[in-house]
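Contents: one structure, followed by commentary.
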Amino acid sequence: MTVQELLIFLVVIALAALALAIPFFRAWTGAWRSWARQGPGPLVFTKRNYAPLQFGVAALAIVCLAPAIYASAERLESAGLIWNVLLVVFIPVGLGMRWWWPAALTPRWHKDWVGRGGLPETPLWGPNEEVPEAQARKGWR
């Protein structure tokens, strides 16, 4: 792999991970909360929608799998070992996320929202939280 190919590879990995990490961080910090009211997507069997949080796991997987992809492209002897270790972790995690998401891995605001009922009509902001101006203009509560 030439230096130019390596740089392109790193940029593609960084952009892909960033595209998934942005919605994750917005959801985690509470800047984006409307996703919590939506039901789970197709082929997702959890009770609630956790897609933005699952995006964070996908971003982590992309970053962690990058060395395996690089090792394979360079035909390094360790490539097989790297793939075996990472796939033993990410295949069960990826499949398991379809059926279960631990409550401990949800942000504080989400736990509070579920504690208040967690229904689509339940306000996304608690009684002691200030609704950001942009969301208040949209009529969100």
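What follows is calculated from the coordinates using simple rules that are stated; it is not laboratory data. Predicted, not measured: the structure shown is a model, and the values here were computed from it. Because the Cβ atoms are built from the backbone with ideal geometry, glycine has one as well, and the counts that use them run over all protein chains shown.
A few remarks follow.
- Which listed residue is more than 14 Å from the chain's Cα centre (by Cα), surrounded by 14 or more Cβ atoms within 10 Å (Cβ to Cβ) and among the aliphatic types (A, V, I, L, M), from L53, L65: L65
- Selected residue [of a type in the set (A, V, I, L, M), touching a residue at least 24 places away in the same chain (Cβ under 8 Å) and farther than 26 Å from E130 by Cβ] from I13, I82, I91: I13
- For Q38, the conditions (1) over 20 Å from D112 (Cβ atoms); (2) loosely packed, with under 12 Cβ neighbours inside 10 Å; (3) in contact with a Pro (Cβ under 9 Å, 6 or more places away or on another chain) are fulfilled apart from (1).
- Residue within segment 97-118 that is among the basic types (K, R), more than 30 Å from E133 (Cβ to Cβ), surrounded by 13 or more Cβ atoms within 10 Å (Cβ to Cβ) and touching a residue at least 12 places away in the same chain (Cβ under 8 Å) present: yes
- Residue within segment 95-115 that is among the charged types (D, E, K, R) and touching an Asp or Glu at 6+ places or on another chain (Cβ under 9 Å) present: yes
- Which listed residue is touching a Cys at 6+ places or on another chain (Cβ under 9 Å) and of a type in the set (A, V, I, L, M, F, W, C), from L86, L65, L60: L86
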